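See below for the structure under consideration.
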Amino acid sequence: MDKLREMRAICLTKPLTELTRPKCFEDVIGQQDALLALRAALCGPNPQHVILYGPPGVGKTAAARVVLEEAKKSNLSPFRPDAVFVEIDANTARFDDRGIADPLIGSVHDPIYQGAGPLGIAGIPQPKPGAVTRAHGGVLFIDEIGELHSIQMNKLLKVLEDRKVFLESAYYSPDDANIPQHIHDIFRNGLPADFRLVGATTRPSRDIPPAIRSRCLEVYFRALAPDEVGVIASRALGRVNVDAEDGVIDIVRKYAQNGRDAVNMVQLAMGVAVTEGRKTVLRRDMEWVVESGQYSPRPEKRVGDVPQVGVVNGLAVWGPGMGSVIEVEATAIRAQPGRGSFMVTGVVEEEEQGDGGRVLRRRSMARSSVDNVCTVLRVRLQIEASDFHVHVNFPGGAPVDGPSAGLAMAVAVLSAIRDIPIDNRLAMTGEISVHGRVKPVGGVVAKVAAAVSAGAVRVLIPRENWQDRFTQVEGCKVIAVDDIDEAFELVRAQPDASAEQPGIAVVPQEVVAAKSASP
């Protein structure tokens, strides 16, 4: 005990990551939609099991903690004020296939094992509770739940169904009078394990077993925007009462990919300043941190400065709730009739789909959209693509896949053929059919948000993707279109730079303007 007390008397200062850990909802930056979903799942009278998806360092663990604290304050919630938050990491919660130990489910210390003690000498098996029992009445948080062993996952599913754990031992006899009554009770009735599971993972949902997904609500945490990363960095500096030179936060915004990166960068730069006897972090301190840590700048796409022929702002999604603006450029040179060519670069050529049992390889949907564009030009607009040498390119280095660039490709090619400049402040998304219809696509809310962040003042979307929340987009008009004719009438460059005249006579009922809704 003296040695323990001596060791416990030694305490280093708390790292900045711990000092900046969110303590309330206001401290969780940039995840309003995820927090709303998590509160709905856990703070009501019938809390649910939840799986949280998202990149590292965006607040999944912190959000689960603060939501439980909120639930404990609610009169409607079944969580008691003393409800516990038990956290384990699936990467380290490994079980022994001999049944000696299982930190997640629990195990039985049989008499044959070394250290069984007096009960073992008497031949009595001893149940050892796992995390599911320690979390009884509270929340069991499993970080990286996708890394659980398949046997552990199956045992966990059984616990979720029964809300208790049944342990087994070859040394247990229900007729043995030497076994204490509480051990008889455990083997007969099981250990209580009535908790709510919150699993977090950086894996995509397709990598999580369907059996566990079907028992849980799914909440998606998105990557943080640069401004949100800047807020986290500013708060980290405020927690340690250190000033920062102008431009320091801008460097963090440019290079930090998540909140953890931002805090680590601030802590290292602060260490440089403190060792030099300063209480102000300078730009050169943060620049040194960026160089020493080999940080890469975040890509930030902005719409073009001037209208151009054959250049269109397309929209894409690259993660849960994260959209981006992609440039689509096209050129068209008249060729001898019927001897033209159609070339597309920057797209995925082939894709695979599999369900674990078989894998299907097919031409990518982006390449298929090219054929649809050619058909639309020929059938709907009476333009023979074979009379031109057409080149469509997606610059930027990231391969494009999916059908949602079909509308942008069709508009870019049509602009190049007709030599008509396209409004540089307009973005669009939608699949194009062979009849020229604009078909619905996924991730439209995130795409609209990305367009607004990039400086677009108008966004074209498929009519079937229309949502009332688009009436709350600040500084941008969301326009629903049905076909390529409507779209092309709206995309021509306008002499007036104002966003108040979007030219929407075709679909006036679908054009709105208001305040930005979070994706």
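Does the range 323-343 contain at least one residue that is touching a residue at least 60 places away in the same chain (Cβ under 8 Å), closer than 26 Å to Pro226 by Cα and either outside any strand (DSSP E or B) or outside the structural domain of Ser369 (by TED's automatic domain parsing) (or both)? The answer is no; no qualifying residue exists.
Suppose the filter is modelled with pLDDT of 90 or more, within 30 Å of Ala446 (Cα to Cα) and under 26 Å from the mean Cα position of the chain (by Cα); does Ala236 pass it? First the steps, then the outcome.
Details: modelled with pLDDT of 90 or more: yes; within 30 Å of Ala446 (Cα to Cα): yes; under 26 Å from the mean Cα position of the chain (by Cα): yes.
Against the criterion (modelled with pLDDT of 90 or more, within 30 Å of Ala446 (Cα to Cα) and under 26 Å from the mean Cα position of the chain (by Cα)), Ala236 qualifies.
Screening Leu119 with (1) touching a strand residue (DSSP E or B) at 6+ places or on another chain (Cβ under 8 Å); (2) modelled with pLDDT of 90 or more gives one miss only, at (2).
You will find that of Arg425, Arg418, the residue that is in contact with a strand residue (DSSP E or B) (Cβ under 7 Å, 6 or more places away or on another chain) and basic (Lys, Arg) is Arg425 and no other. Pairs linking a residue in the range 42-69 that is more than 17 Å from Ile88 (Cβ to Cβ) to a residue that is part of a helix (DSSP H, G or I) and aromatic (Phe, Trp, Tyr), with Cβ atoms under 8 Å and 6 or more positions apart or on different chains, are Val66/Phe25.
Is it the case that some residue within the range 157-173 is over 34 Å from the mean Cα position of the chain (by Cα), assigned by TED's automatic domain parsing to the domain that holds Gly54, at positive phi and in a loop (DSSP other than H, G, I, E, B)? No: the range 157-173 contains no residue that is over 34 Å from the mean Cα position of the chain (by Cα), assigned by TED's automatic domain parsing to the domain that holds Gly54, at positive phi and in a loop (DSSP other than H, G, I, E, B). Criterion applied to Asp250, Asp261 was being under 25 Å from the mean Cα position of the chain (by Cα), surrounded by fewer than 18 Cβ atoms within 10 Å (Cβ to Cβ) and either touching a residue at least 12 places away in the same chain (Cβ under 8 Å) or in the same structural domain as Ile145 (by TED's automatic domain parsing) (or both), and the one residue passing it is Asp250.
Quick grid of which residues meet (1) surrounded by fewer than 18 Cβ atoms within 10 Å (Cβ to Cβ); (2) touching an Asp or Glu at 6+ places or on another chain (Cβ under 7 Å):
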| position | (1), (2) |
| --- | --- |
| Val400 | no, no |
| Ile417 | no, no |
| Val441 | no, yes |
| Ala449 | no, no |
| Gln472 | yes, no |
| Gly475 | yes, no |
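Would you mind finding the one in Arg163, Arg203 that is closer than 18 Å to Lys60 by Cβ and either surrounded by fewer than 20 Cβ atoms within 10 Å (Cβ to Cβ) or in contact (Cβ under 8 Å) with a residue 40 or more places away in the chain (or both)? Of the residues listed, the single one that is closer than 18 Å to Lys60 by Cβ and either surrounded by fewer than 20 Cβ atoms within 10 Å (Cβ to Cβ) or in contact (Cβ under 8 Å) with a residue 40 or more places away in the chain (or both) is Arg203. Working only within the range 402-434, note down all residues that are among the hydroxyl-bearing types (Ser, Thr, Tyr) and in contact with a Phe, Trp or Tyr (Cβ under 9 Å, 6 or more places away or on another chain). Of everything in the range 402-434, just one residue is among the hydroxyl-bearing types (Ser, Thr, Tyr) and in contact with a Phe, Trp or Tyr (Cβ under 9 Å, 6 or more places away or on another chain), namely Ser415. Inspect all residues belonging to the range 30-48 and state whether any of them is exposed (fewer than 14 other Cβ atoms within 10 Å of the Cβ), among the charged types (D, E, K, R) and within 24 Å of Ile232 (Cβ to Cβ). Within the range 30-48 (the criterion being exposed (fewer than 14 other Cβ atoms within 10 Å of the Cβ), among the charged types (D, E, K, R) and within 24 Å of Ile232 (Cβ to Cβ)), the answer is no, since none of the residues qualifies. Taking the range 63-84 as the range and being surrounded by fewer than 18 Cβ atoms within 10 Å (Cβ to Cβ) and not charged (D, E, K, R) as the test, the residues that pass are Ser74, Asn75, Leu76, Pro78, Pro81, Val84. Filtered by the rule that a residue be at pLDDT 90 or above and of a type in the set (D, E, K, R), the range 150-171 gives Lys155, Lys158, Glu161, Asp162, Arg163, Lys164. Within the range 275-307, being buried (at least 17 other Cβ atoms within 10 Å of the Cβ) and not hydrophobic (A, V, I, L, M, F, W, C) holds for Asp285, Tyr295, Pro307. Looking at this structure, is Leu377 farther than 20 Å from Arg492 by Cα and either surrounded by 22 or more Cβ atoms within 10 Å (Cβ to Cβ) or touching a Gly at 6+ places or on another chain (Cβ under 8 Å) (or both)? For Leu377, the condition - farther than 20 Å from Arg492 by Cα and either surrounded by 22 or more Cβ atoms within 10 Å (Cβ to Cβ) or touching a Gly at 6+ places or on another chain (Cβ under 8 Å) (or both) - is not met. The single condition from (1) closer than 30 Å to Gln267 by Cβ; (2) assigned to a loop (DSSP other than H, G, I, E, B) that Gly137 fails is (1). Being aromatic (Phe, Trp, Tyr) and either at pLDDT below 90 or under 23 Å from Ala40 (Cβ atoms) (or both) is the filter here, so list the residues in the range 172-206 that pass it. Tyr172, Phe195, listed by residue number.
For the range 1-114, give me every one of the helices (runs of 4 or more DSSP H) that falls completely inside it and has 1 or more residues that are aliphatic (A, V, I, L, M), touching a helix residue (DSSP H, G or I) at 6+ places or on another chain (Cβ under 9 Å) and more than 26 Å from Leu160 (Cα to Cα). Quick ask: steps written out before the conclusion?
On the way: elements: 2-8, 16-19, 32-42, 60-72.
Ranges flagged: 16-19.
In the range 279-303, the residues that are farther than 30 Å from Val328 by Cβ form Cβ pairs under 6 Å with partners that are of a type in the set (Gly, Ala, Ser), at six or more places apart or across chains, as follows: Val281/Ala244; Val281/Ala269; Val281/Ala273; Arg283/Gly247; Asp285/Ala269; Asp285/Ala273; Met286/Ala269; Val289/Ala269.
The values are calculated or read from the model by the stated rules, or taken from the named source; none is laboratory data. Nothing here was measured: the structure is a model prediction, and the numbers come from that model. Reconstructed Cβ throughout: ideal geometry from the backbone, glycine too, with neighbour counts over all protein chains shown.
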